[in-house]
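The values are calculated or read from the model by the stated rules, or taken from the named source; none is laboratory data. Note that the structure is a prediction, hence the values are computed from the model and not measured. Positions of Cβ are backbone-derived with ideal geometry, glycine not excepted, and every protein chain shown enters the neighbour counts.
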Amino acid sequence: MDVGLTLPWWSVVPFAGMLLSIAVFPLVKPVWWEKRQLHVAAFWSAVFLVPFALAYGLEETGVQLAEVVVLDYVPFIVLLLGLFVVSGGIHVKGTMAGTTKNNVVLLAIGTLLASWVGTTGAAMLLIRPVLRANAWRRNKTHIVVFFIFLVANIGGCLTPLGDPPLFLGYLRGVPFFWTLQHIWPLLLLNSVVLLGVFALVDRHFVKKEGREGEEALELEEEAVERVPVRIEGLRNLWYLALIIVAVVLNGAIPQTRECLDPATGLVWGVDVCEGVHLGFNYFLQIGLIGLAAILSLATTPRALREKNDFEWAPIAEVAKLFIGIFVTMIPALALLRAYGAELGIDTPLKFFWATGALSSFLDNSPTYVVFLTAAGSLGAGGATAVATTVGAVASNVLLAISAGAVFMGAMTYIGNAPNFMVKSIAERSGVKMPSFFGYMGWSLAILVPLFALDTVLFFL
C-alpha cells in the first residue's frame with residue numbers, strides 16, 4: 001500500500017513538532033531537556049502513530065515502523081556507535097597550538113579523511129584534538145561550526161564510505177568510485193573556499209582576543225612539555241578497517257548472484273513482515289560492527305579513553321533524538337515518494353536544491369533515495385547515464401543529487417548525525433555552541449552563497 005497517496009498534509013505536524021522541540025527546549029528548559037529527550041521523542045512518535053494506526057490499522061503501522069526502525073534506524077545507529085567507540089580509542093597525542101595555520105591544517109586533514117572512514121569516524125577522531133589545541137581560546141565557537149561544515153559533512157562526498165546517502169546509491173547500482181571521479185572538483189572548490197573563509201574568521205577572533213589571547217597561548221606553550229605528535233591506540237585502526245569491510249560487504253553481497261535466492265531475487269535471509277526482508281548481509285554488517293566495538297572496548301586501556309574525555313552521552317543523545325526523527329518523518333517521506341515526480345523537478349539545478357533543502361531537515365539517506373528514484377523515472381539516456389536499479393540517471397543529475405544530500409546536511413544540527421555528536425562533545429568541553437536557529441544563522445550566511453556558486457559553476 002502506498003500510504004502517501006492518502007495521507008493528509010497535516011500528518012507531518014509531529015515531525016515539525018519534533019524539530020521545534022529540538023530547537024526550542026534547549027533554550028527555554030535546558031536542564032529538563034537533558035533528562036527528557038527520549039520522552040519528547042516518544043511523545044511526538046505517539047502523536048503520529050496512534051492516529052495512523054486508527055486510520056490504516058495495526059498491520060500497516062507495523063510495516064511502516066519495521067521499515068524505518070529495522071531497515072534504517074538500527075543499521076544507522078549501529079554504524080554510528082561502532083565508529084564512535086572505535087574512534088574514541090584512538091588518541092592523537094602531542095603538543096599542538098591552536099593557531100590559525102594549525103587549525104586550517106587539522107580541518108583539511110579531517111575533510112580528506114572523512115570520505116574513507118566516514119564523516120562520523122573522522123569527526124570523532126579529530127574533534128577532541130582540535131578542542132585541546134584551542135583550549136587557550138575564549139572564542140572557539142566558529143572553529144566547531146566550520147568543523148561541522150567540513151569534517152562532519154562536505155568531506156564525506158567522495159565514496160560510499162563517507163556518507164550514508166552515497167552508500168544507499170552504491171546499493172542501487174551506482175559504481176563505488178563514481179562520486180570520486182565526478183564530485184572531486186566540487187569538493188576541492190568548497191573546501192578551499194571554506195578553509196579560506198575560516199582563516200579570515202579565525203584571524204578576526206585571534207585579533208579580538210588581543211594581547212590577552214597571545215599571553216594565554218604563550219602560557220599554554222610554556223606550561224606544557226613539548227611532545228611530538230603521535231597516535232596512540234593504533235590497534236583501533238584494525239577495528240576501523242573491520243567496520244569498513246562490513247560496510248563494503250553489505251553493499252557487495254546483493255550484487256553477487258551466488259548470494260541471491262533464485263525464487264525471489266533477494267539475498268538469502270528472513271522476512272520480518274510484508275515488504276521488509278533482512279538478508280544475511282544485514283546481520284553480517286551489524287555483527288562485524290558490533291564485534292569491532294566490543295574488541296575496541298576490551299583491548300583499549302581505559303586510561304587512553306580518559307585522555308580522549310570519552311563518554312557515552314553524545315551517542316546516547318543521537319540515539320534518543322533520531323529515533324523520534326526517523327519515526328515522525330515517515331509521513332513526510334511517504335508524501336515525497338507519492339508526489340515527488342509531480343513536483344516538476346527535472347534539471348540538475350532543481351535536483352541539487354530540492355535534495356539539499358530536504359536533507360537539511362529530513363534524514364539525507366531516504367531523501368537521496370526518493371530523488372534518485374524520481375530521477376530514474378525521467379528516462380535519461382545517453383552514454384553518460386548511470387545505470388541503477390531504479391533506472392538510468394543522467395550523470396549531471398546524479399551529481400546534483402549526491403552533492404545536495406551530502407553538502408546540505410551541514411545546514412542544520414539534524415541534517416547529519418555527526419553534527420549533533422560534535423555539538424554535544426564541544427558543549428561538554430565548555431564551548432558555548434549556537435542554538436538550533438543560531439547555527440542556521442552561520443550556515444545561511446556562509447554555506448548558501450557557496451552553494452549558489454556551486455550552482456552557477458556546475459548545475460546550470
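Numbers for the structure displayed
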item: Members of segment 306-324 found to be over 18 Å from L38 (Cα atoms) and at pLDDT 90 or above, listed by number; result: none
item: Selection from segment 271-301 of residues that are buried (at least 19 other Cβ atoms within 10 Å of the Cβ) and part of a loop (DSSP other than H, G, I, E, B); result: T300
item: Residue match in segment 405-421 (condition: crowded, with 17+ Cβ neighbours inside 10 Å, over 18 Å from G156 (Cβ atoms) and among the small types (G, A, S)); result: no
item: Lone qualifier among G57, G82 - being over 20 Å from L234 (Cα atoms) and modelled with pLDDT of 90 or more; result: G57
item: Candidates T111, T99, filtered to the one that is hydroxyl-bearing (S, T, Y) and more than 20 Å from the chain's Cα centre (by Cα); result: T99
item: Leading residue by the ranking (surrounded by the fewest Cβ atoms within 10 Å (Cβ to Cβ)) among those in segment 162-175 that are in contact with a helix residue (DSSP H, G or I) (Cβ under 6 Å, 6 or more places away or on another chain) and part of a loop (DSSP other than H, G, I, E, B); result: G162
item: From L168, L150, residue being of a type in the set (A, V, I, L, M, F, W, C), out of contact with any Pro (no Cβ under 9 Å at 6 or more places or on another chain) and touching a residue at least 24 places away in the same chain (Cβ under 8 Å); result: L150
item: Test: residue in segment 307-328 that is surrounded by 13 or more Cβ atoms within 10 Å (Cβ to Cβ), part of a strand (DSSP E or B) and not charged (D, E, K, R); result: no
item: Condition broken by F43, with the remaining ones in (1) at pLDDT below 90; (2) surrounded by 15 or more Cβ atoms within 10 Å (Cβ to Cβ) satisfied; result: (1)
item: Residue within segment 288-308 that is of a type outside the set (V, I, T) and closer than 30 Å to T455 by Cα present; result: no
item: Subset of segment 167-202 (residues that are modelled with pLDDT under 90 and of a type outside the set (D, E, K, R)); result: F167, L168, G169, Y170, L171, G173, V174, P175, F176, F177
item: Scan of segment 120-138 for residues that are of a type outside the set (D, E, K, R), assigned to a helix (DSSP H, G or I) and either buried (at least 24 other Cβ atoms within 10 Å of the Cβ) or without any contact (Cβ under 8 Å) to a residue 60 or more places away in the chain (or both), ordered by number; result: T120, G121, A122, A123, M124, L125, L126, I127, P129, V130, A133
item: Given (1) at pLDDT below 90; (2) polar (S, T, N, Q); (3) out of contact with any Leu (no Cβ under 7 Å at 6 or more places or on another chain), number of the condition T355 does not satisfy; result: (1)
item: Residue match in segment 261-270 (condition: assigned to a helix (DSSP H, G or I), surrounded by 18 or more Cβ atoms within 10 Å (Cβ to Cβ) and either of a type in the set (V, I, T) or modelled with pLDDT under 90 (or both)); result: no
item: Test result for L304, within 30 Å of G88 (Cα to Cα), in contact with a strand residue (DSSP E or B) (Cβ under 8 Å, 6 or more places away or on another chain) and assigned to a helix (DSSP H, G or I); result: yes
item: Residues (in contact (Cβ under 8 Å) with a residue 60 or more places away in the chain and β-branched (V, I, T)) located in segment 242-283; result: I243, I244, V247, V248, V272, V276
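Rundown of residues vs (1) over 23 Å from P30 (Cα atoms); (2) modelled with pLDDT of 90 or more; (3) of a type in the set (D, E), yes/no style:
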| position | (1), (2), (3) |
| --- | --- |
| F361 | no, no, no |
| A383 | yes, no, no |
| A387 | yes, no, no |
| G391 | yes, no, no |
| S395 | yes, yes, no |
| L398 | yes, yes, no |
| A410 | yes, yes, no |
| M433 | no, yes, no |
| W442 | no, yes, no |
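Each row is one residue, and each column tells you yes or no for (1) within 23 Å of C273 (Cβ to Cβ); (2) in contact (Cβ under 8 Å) with a residue 12 or more places away in the chain; (3) of a type in the set (V, I, T).
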| position | (1), (2), (3) |
| --- | --- |
| V28 | no, no, yes |
| E34 | no, no, no |
| L38 | no, yes, no |
| A46 | yes, no, no |
| V50 | yes, no, yes |
| L54 | yes, no, no |
| E60 | yes, yes, no |
